[in-house]
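The values are calculated or read from the model by the stated rules, or taken from the named source; none is laboratory data. Just so we're clear, the structure is a prediction, and the values are computed from it rather than from any experiment. Counting neighbours? That spans all protein chains shown, and the Cβs are built from the backbone with ideal geometry, glycine included. Side chains are part of the model used for accessible areas, which takes the heavy atoms of the whole protein and leaves out ligands, DNA and RNA. Shrake-Rupley method; radii C 1.70, N 1.55, O 1.52, S 1.80 Å.
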Amino acid sequence: MPAIRYKVNLTDEEKRQLETFIHQGQSAARSQTRARILLKAASGLQDKDIIQALDVSASMVAKTRQRCVEEGPEAALKERPRPGQAPTLTDKQAAHLIAIACSDAPEGHDHWTLRLLADQVVVVDYAASCSYELIRRLLPTGHK
């Protein structure tokens, strides 16, 4: 193991906050693991000991240390946004579209089809375009 590049120094108050965070048990498991990493790092444990004690990867320990030193303990606990394309519809827009699918079909149609719903996304100006496949994934199973 290489020498520790980022030394975690926590105040007594920060340590108490992390302990409380862990013992409340209402946060994501990954965030709690990061809190445990910070507490062990602040107590002077080497990365290899932290890895063994918590059964985590070396990169998780290194990244958690780095984020704590550079951005603070709060930032080290949180997930960073994942790369990739942003969702086409917001949750509110998706709920509205599901409500439309449950309503009466447009004139001249027996029921809402995936293509009609995809067209409706454009009509209500939620997106410039929408595929029927996105609608299929959005709707509960059993919709035609």
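Can you tell me which residue is nearest to Ala76 (Cα to Cα) among those in segment 52-63 that are assigned to a helix (DSSP H, G or I) and out of contact with any Ser or Thr (no Cβ under 7 Å at 6 or more places or on another chain)?
Lys63
Quick one: which of Ala99, Ala94, Ala118, Ala105 is modelled with pLDDT of 90 or more, open to solvent by less than 70 Å² (accessible area, probe 1.4 Å), touching a His at 6+ places or on another chain (Cβ under 8 Å) and more than 30 Å from Phe21 (Cα to Cα)?
Matching residue, one of Ala99, Ala94, Ala118, Ala105: Ala105.
So which residues in segment 3-28 are of a type in the set (A, V, I, L, M) and either closer than 12 Å to Leu77 by Cβ or touching a helix residue (DSSP H, G or I) at 6+ places or on another chain (Cβ under 8 Å) (or both), if there are any at all?
Ile4, Val8, Leu10, Leu18, Ile22, Ala28
Please go through segment 41-57 and pick out each residue that is in contact (Cβ under 8 Å) with a residue 24 or more places away in the chain and either open to solvent by 20 Å² or more (accessible area, probe 1.4 Å) or in contact with a Phe, Trp or Tyr (Cβ under 8 Å, 6 or more places away or on another chain) (or both).
Ala42, Gln46, Asp47, Lys48
Report, by residue number, each residue of segment 17-45 that is more than 14 Å from Met60 (Cβ to Cβ) and assigned to a helix (DSSP H, G or I).
Matches in segment 17-45: Gln17, Leu18, Glu19, Thr20, Phe21, Ile22, His23, Gln24, Leu39, Ala42.
Leu38 versus (1) open to solvent by 70 Å² or more (accessible area, probe 1.4 Å); (2) at pLDDT 95 or above: which is the lone unmet condition?
Failed condition: (1).
Got a sec? Which of Ser103, Ser129, Ser43 is hydroxyl-bearing (Ser, Thr, Tyr) and either in contact with a Gly (Cβ under 7 Å, 6 or more places away or on another chain) or closer than 30 Å to Asp12 by Cα (or both)?
Answer to the selection: Ser43.
Residue by residue through segment 68-87, note down the ones that are open to solvent by less than 60 Å² (accessible area, probe 1.4 Å) and either touching a Leu at 6+ places or on another chain (Cβ under 9 Å) or part of a loop (DSSP other than H, G, I, E, B) (or both).
The answer is Cys68, Gly72, Pro73, Ala76, Leu77.
Tell me which of these Asp125 doesn't satisfy, since it passes every other one: (1) within 30 Å of Arg5 (Cβ to Cβ); (2) surrounded by fewer than 18 Cβ atoms within 10 Å (Cβ to Cβ).
Of (1) within 30 Å of Arg5 (Cβ to Cβ); (2) surrounded by fewer than 18 Cβ atoms within 10 Å (Cβ to Cβ), only one is false for Asp125: (1).
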